[in-house]
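The values are calculated or read from the model by the stated rules, or taken from the named source; none is laboratory data. Please read these numbers as outputs of a predicted model, since none were measured by experiment. Counting neighbours? That spans all protein chains shown, and the Cβs are built from the backbone with ideal geometry, glycine included. These area figures cover heavy atoms from the full protein model, side chains too; ligands, DNA and RNA do not enter into them. Shrake-Rupley method; radii C 1.70, N 1.55, O 1.52, S 1.80 Å.
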Amino acid sequence: MADSGSEDIAVIGNTDLTPSESENNIKNTMVEKGTNLLKRMEISVAEAEKRTGKNAVNMQETYTVYLVETRALDATSEGTTPVPDSLWRRYSEFELLKNYLLVTYPFLVVPPLPEKRAEFVWHKLSADNMDPDFVERRRVGLENFLLRVASHPALSNDKIFYSFLTEENGWKETVFETGFQAKADSRLKALNATFRVKNADKRFADMKHYGDELQSVISQLLRVRARAADRLYGVYKVHGNYGRVFSEWSAIEKEMGDGLQSAGHHMDAYAASVDDILEEEEHYADQLKEYLFYADAFRAVCRKHELTQYELEMAGQDLTSKKQQQEELATGTVRTFSLKGMTSKLFGQETPEQREAKLKMLETQIEEGEELVKERNAECEEFVKSAWVDIERFKEQKDHDLREALISYAIMQISMCKKGIQVWNNAKECFSKM
């Protein structure tokens with residue numbers, strides 16, 4: 001999470017804005033609405049670099065920065081290839097951008113960042129977040145995050161996102177000036193809404209359950225893949241042992257020596273190819289991990305809806321309570337037991353002037369309550385409308401991406417099996433020539 005107190009925040013959006021304020025807030029962040037940024041600009045995270053410096057508490061630390069490059073497509077289409085604009089960003093700045101987007105667009109499925117520390121790794125792979133291979137995979141993941149945001153119909157036109165890509169200095173200050181942190185809902189508030197909302201929308205409840213199931217299934221798949229990678233590594237290394245044994249054997253044979261040595265070379269080459277294969281395996285694992293983390297963003301939208309619905313119900317309950325108090329004051333009858341009613345019996349009834357003043361105050365509060373209920377209702381309806389459109393977009397994207405990833409993974413496994421068959425066919429020919 002972002003460096004500034006994000007551990008205490010469940011960034012699922014702001015419930016204190018009225019629909020009109022929310023609309024203005026979105027308008028203020030949009031540029032050329034309707035065209036995604038990726039159609040106007042090339043975006044890449046070109047390289048990563050390790051640096052050393054002092055942190056906020058004046059302690060020496062080693063960290064990684066990433067080179068973000070952008071190039072306007074108009075210049076490219078005119079036949080020239082200008083030098084791209086570039087700037088360096090730390091991972092924490094990517095986190096800050098993501099948290100800002102989560103709060104500003106609570107009704108959208110915000111793309112996730114790649115993992116900060118390696119998870120679901122097989123035992124030969126380093127879990128060190130400064131490991132060059134891990135840093136490279138994270139560089140690819142950060143680029144993918146920027147491309148996801150830049151191709152999103154709404155997120156891509158956000159001014160803060162654009163300044164993240166183009167303004168190296170002063171970007172953080174611009175983000176904090178938006179006041180997004182003050183708008184974030186606390187975890188306690190979100191949890192309270194989950195357990196106390198009475199009229200939950202079944203569609204969102206089902207979607208939230210689906211997010212839980214999706215995360216569970218992908219977690220299991222990643223664990224299985226890590227175990228399979230361990231075994232695959234073992235199988236390839238065993239072929240390396242075959243190669244060593246055949247080569248040693250060839251040294252003591254005359255007629256059989258050439259055949260054994262050739263077979264040993266085939267085995268050695270097969271064993272050496274395991275690193276490239278497992279690197280490709282990690283690429284597919286990272287694709288699955290993206291949707292493991294996407295499940296969190298997906299459920300965040302559902303939790304935000306629960307919170308919106310809960311706020312509406314609380315406003316409705318408060319209005320009903322105020323109307324009941326008004327009726328009791330006007331008629332002089334108390335429907336339910338209350339401390340106030342007991343006090344009146346013990347110390348006498350209020351004077352007509354006091355009753356009139358309270359009635360006027362309640363009338364004002366009822367008018368305000370009715371207006372609040374109307375606003376909350378409009379906010380809830382608008383949230384449902386916007387969220388459902390983006391959920392459908394996300395589902396279509398997810399189905400396409402995971403289908404392609406699984407097909408590619410299957411093709412890779414078939415290719416590996418064919419290589420295994422081929423190496424033994426080659427060995428068979430070598431043995432036949434002995």
Restricted to region 376-410 and to residues being acidic (Asp, Glu) and surrounded by 18 or more Cβ atoms within 10 Å (Cβ to Cβ), the residue nearest to ARG203 (Cα to Cα) is ASP390
On the given criteria, is PRO112 at pLDDT below 90 and open to solvent by less than 50 Å² (accessible area, probe 1.4 Å)? no
State whether the residues of region 276-296 include one that is of a type outside the set (Ser, Thr, Tyr) and more than 30 Å from ILE411 (Cβ to Cβ). no
Taking region 174-201 and keeping residues modelled with pLDDT under 85, among the charged types (D, E, K, R) and exposed (fewer than 14 other Cβ atoms within 10 Å of the Cβ) leaves ARG196, LYS198
Scan region 141-152 and give yes if some residue there is part of a loop (DSSP other than H, G, I, E, B), among the polar types (S, T, N, Q), open to solvent by 50 Å² or more (accessible area, probe 1.4 Å) and touching a residue at least 40 places away in the same chain (Cβ under 8 Å), otherwise no.
-> no
For region 214-243, pairs from a residue that is over 30 Å from GLN261 (Cα atoms) and open to solvent by 40 Å² or more (accessible area, probe 1.4 Å) to a residue that is not polar (S, T, N, Q) and not in a helix (DSSP H, G or I), with Cβ under 8 Å and 6 or more apart or across chains, are ARG223/PHE120; ARG227/TRP122
If we keep only residues of region 362-375 that are loosely packed, with under 14 Cβ neighbours inside 10 Å and over 36 Å from the mean Cα position of the chain (by Cα), then the residue modelled with the lowest pLDDT is GLU363
Of the listed residues (ALA387, ALA427), the one being in a helix (DSSP H, G or I) and under 21 Å from VAL301 (Cα atoms) is ALA387
Scanning region 153-162 residue by residue, the ones that are buried (at least 19 other Cβ atoms within 10 Å of the Cβ) and not in a helix (DSSP H, G or I) total 2
If we keep only residues of region 216-264 that are among the aromatic types (Phe, Trp, Tyr) and within 41 Å of the chain's Cα centre (by Cα), then the residue modelled with the lowest pLDDT is TYR233
Note on region 341-353: residues open to solvent by 100 Å² or more (accessible area, probe 1.4 Å) and either at pLDDT 55 or above or on the phi > 0 side of the Ramachandran plot (or both) are GLN349, GLU353
